[in-house]
Amino acid sequence: MSEYDINDLADEEARETGAQALEAQELRWEISDLVWLMGSKRGRRVVWRLLKNAGVYRLSYTQGDAMHTAFLEGQRNGGQRLIALIMEAAPSDYALMVQERTNVRS
């Protein structure tokens, strides 16, 4: 049987602190990985495709189909989270990525 004591608040606090530390470390890794990925033209192309496929640059609304709209909004939400992380980690590389995509079209 487990040695877990539901009344041991110090143990509970230690577990929460450990979980928070792990979550903070994972966020630092994620940001570091994005800095690395956005640091190359190839990486920026990959990120652009991910954002495009997530639908962050188009409307999600589908007239008469609330379920499809909700599905598209879910995809878009993931893309918006990625943009937020990029803006924290490498905002100048985001601007460069947009500029590179604009130059491809012209």
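The values are calculated or read from the model by the stated rules, or taken from the named source; none is laboratory data. A quick note: this is a predicted structure, and the numbers were derived from the prediction, not measured. Note: ideal-geometry Cβ built from the backbone for every residue, glycine included; neighbour counts use all protein chains shown.
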Of all residues in the stretch 76-106, how many are at pLDDT 95 or above, among the polar types (S, T, N, Q) and more than 19 Å from G39 (Cα to Cα)?
-> 2
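Residues are listed down the side, and each one gets a yes or a no for (1) in contact with a Leu (Cβ under 6 Å, 6 or more places away or on another chain); (2) hydrophobic (A, V, I, L, M, F, W, C); (3) loosely packed, with under 15 Cβ neighbours inside 10 Å:
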| site | (1), (2), (3) |
| --- | --- |
| D8 | no, no, yes |
| E12 | no, no, yes |
| W29 | no, yes, yes |
| R42 | no, no, yes |
| L51 | no, yes, no |
| L72 | no, yes, no |
| L82 | no, yes, no |
| P91 | no, no, yes |
Which of (1) under 25 Å from M87 (Cα atoms); (2) in a helix (DSSP H, G or I) does A70 not meet, given it meets every other one?
-> (1)
Would a scan of the stretch 54-67 turn up a residue that is part of a helix (DSSP H, G or I), over 14 Å from the mean Cα position of the chain (by Cα) and either over 19 Å from I31 (Cα atoms) or of a type in the set (V, I, T) (or both)?
-> yes
